[in-house]
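Worksheet: one structure, shown below.
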Amino acid sequence: MNDNKAAYNSTIYDDKVIHVLPYYREYHGQIIDLVKNMKLKEPDWLDTGCGTGTLARRVLEDRSDVKFTLCDPSEKMLEKAKEKLAGVDARFFNLSSQQLMFASEFDIVTAVQSHHYLQREERKDAVLKCYHALRENGVFVAFENIRMSTDESDAIALSRWAQFLKDHGCDEEEIEMQIERRGTEVFPITIEEHIKLLRECGFRSVDILWTSYLQAGFWALK
Ligand SMILES: C[S@@+](CC[C@H](N)C(=O)[O-])C[C@H]1O[C@@H](n2cnc3c(N)ncnc32)[C@H](O)[C@@H]1O
């Protein structure tokens with residue numbers, strides 16, 4: 001039984017994820033670069049669906065003035081994050097994004113690969129909670145698995161991802177498991193739907209940060 005909603009147990013997640021999500025490290029790099037250019041001083045940063053805490057670890061390698069709050073509904077993932085951030089003055093909460101109870105506390109909220117498990121209404125609830133957690137002018141950055149705009153293009157993109165998985169050491173069974181999760185365990189939406197949702201949740205400015213394969217990053221200003 002897996003200890004979180006990702007495809008891999010918390011004990012192997014870090015080793016596996018780089019072979020399963022194309023350009024995984026790039027997501028964090030793009031976020032760090034974006035935030036750097038917002039020139040925020042001593043920002044309060046909430047990372048929801050923090051997993052093993054990799055984003056916070058990488059940010060803190062780059063700068064030490066960030067005050068982190070990390071949330072994840074998986075206790076085991078959160079334990080890994082605490083280990084990775086041992087000695088760091090950060091707060092940890094065992095909460096899903098839908099359970100976030102923060103109001104106007106953060107300059108930055110990030111959700112990396114953590115909302116695609118949700119159905120439409122739950123996803124909206126999760127994004128609204130992120131919106132409420134932000135201060136005015138704060139930034140929300142979400143990376144997500146996405147659907148292509150038509151079934152035809154989605155099939156081609158899936159085939160491309162299957163080839164990536166094969167090239168990165170996944171066997172046929174694992175590739176099949178990954179593909180079958182779409183529509184059963186993960187519910188990706190299109191880039192257009194993401195943009196619409198972010199606007200509906202109240203963000204005044206919504207843009208694409210990065211995209212490749214079946215993932216995209218979005219940034220939105222409150
Ligand atoms: C694919 S991992 C991503 C972890 C991390 N953000 C990263 O960049 O590696 C997905 C994470 O989302 C968490 N998660 C699942 N459902 C969630 C929800 N409703 N709200 C927030 N996080 C969720 C899982 O427990 C898991 O840690």
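Structure above, values below:
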read-out	value
FRET efficiency, 1/(1 + (r/R0)^6) with R0 35 Å, evaluated for Lys82 and Glu185 via beta carbons	0.85
Solvent-accessible area of Trp219 with every protein chain in place, 1.4 Å probe, in Å² to the nearest 10	60 Å²
Charge dipole (debye, nearest 20) of region 13-221; +1 at Cβ of Lys and Arg, -1 at Cβ of Asp and Glu	720 debye
Per residue value of the accessible surface for region 1-151 (all protein chains in place, 1.4 Å probe), Å²	47 Å²
Cα gyration tensor category, rounded, prolate or oblate, for region 1-132 with a/c compared to 1.5	rounded
Packing rank of 184-190, 64-70, 42-48, where each peptide gets the mean count of other beta carbons within 10 Å, highest leading	42-48, 64-70, 184-190
Extended-chain gain in nm, criterion 0.36 nm per residue less alpha-carbon gap, Ser153 and Tyr23	44.8 nm
Heavy atoms of Met148: accessible area, 1.4 Å probe, square angstrom to 10	40 Å²
Asp62, Asp3, reordered so the largest accessible area comes first (probe 1.4 Å)	Asp62, Asp3
Cβ-based charge dipole, region 58-110, positive-most Cα from Ser74, Ile108, Leu95	Ser74
Percent accessible area from carbon and sulfur atoms, the chain, protein chains only, probe 1.4 Å	48 percent
Rounded tilt (10° steps) of 24-36 against the dominant C-alpha axis of the chain	30 degrees
Accessible-area value, His132, 1.4 Å probe, nucleic acids and ligands omitted, Å²	100 Å²
Cut-off 18 Å (backbone N to label point 7 Å along Cα→Cβ of Asp167), residues of region 1-40	17-27
Rounded Å value of the spacing that divides the Cα centres of region 161-210 and region 121-156	10 Å
Rounded to 10°, Cα long-axis angle of helix 151-167 versus longest principal axis of the chain	90 degrees
Share, in percent, of DSSP beta bridges within the chain that are antiparallel, nearest 5	40 percent
Relative contact order %, region 13-221, counting alpha carbon pairs below 8 Å whose residues are six or more apart	20 percent
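The values are calculated or read from the model by the stated rules, or taken from the named source; none is laboratory data. Since we're looking at a predicted model, the values are computed, not measured. Positions of Cβ are generated from backbone atoms using ideal geometry, with glycine treated the same way; all protein chains shown enter the neighbour counts. Quick note on the areas: whole protein, heavy atoms, side chains included, nothing else; ligands and nucleic acids left out. Shrake-Rupley method; radii C 1.70, N 1.55, O 1.52, S 1.80 Å.
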